[in-house]
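Read-outs: derived from the displayed coordinates by stated rules, not from any lab. These numbers were taken from a predicted model, which means no experiment stands behind them. Cβ placement follows ideal geometry from the backbone for every residue including glycine, while neighbour counts extend to all protein chains displayed.
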Amino acid sequence: MPLMDWSDAYQLGLPLMDDTHQEFVALVNKTHDANNADFKVLFTELLTHTQAHFDKENQLMVATKFPALGEHQAEHQRVINELKQFKQRVDKGMISFGRAYIKDRLPEWFALHTKTMDSALAVHLQRVNYSA
Ligand SMILES: [Fe+2]
């Protein structure tokens, strides 16, 4: 059974964001299910993917003057810092720390972040008729 199931609760109605979020969920699941050797590689891939995912949202916020830009960008940075800290541990062979982060923290964080900050951004993008 995958760690995270893609559900309608995550769906924002904007392919621009939903496609990246689906990739994120798939990559979290793949990392969770990986053996220790693959886990290291996939954890790095997850950091790279998440950085690109957040950069894209940050650019959208800047381009459309999203009012809650500061708060949302700060939350992205907080998560990137966390991922980097755990990557350092994983790189040193402390795989169990990375596994605990993936299992116990990321699914809960993603559910809350999508439901609050990302859904507010999606509503804003629709309101300003943003098209990629
Ligand atoms: Fe976000």
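Would you be so kind as to identify which of 81, 123, 14 lies farthest towards the positive end of the dipole of region 1-127, taking Lys and Arg as +1 and Asp and Glu as -1 on Cβ and the Cα centre as origin? Of the options given, the answer is 81. Under the convention that each Lys and Arg Cβ holds +1 and each Asp and Glu Cβ holds -1, the size of the dipole of the chain around its Cα centre is about 400 debye. Across the options 101, 62, 72, the greatest Cα extent toward the positive end of the charge dipole of region 57-130 (unit charges at beta carbon of Lys, Arg, Asp, Glu) belongs to 101. Simple rule: put +1 on each Lys or Arg Cβ and -1 on each Asp or Glu Cβ in the chain, find the dipole, and look at 2, 34, 111; the Cα lying farthest toward the positive end is 34.
By the helix-only formula, in which each DSSP H run with n ≥ 4 contributes -39500 (n - 2.57) and the sum is divided by residues, the chain has a 222 nm mean residue ellipticity of -23000 deg cm²/dmol. Each part reduced to its alpha carbon centroid, region 28-70 and region 101-132 end up 12 Å apart. Placing a pseudo-label 7 Å from each Cα along the Cα-to-Cβ vector at residue 30 and residue 109 gives an inter-label distance of 1.9 nm. As an equivalent ellipsoid, region 8-127 spans semi-axes of 27, 14, 11 angstrom, where each value is the square root of five times an eigenvalue of the C-alpha gyration tensor, largest first.
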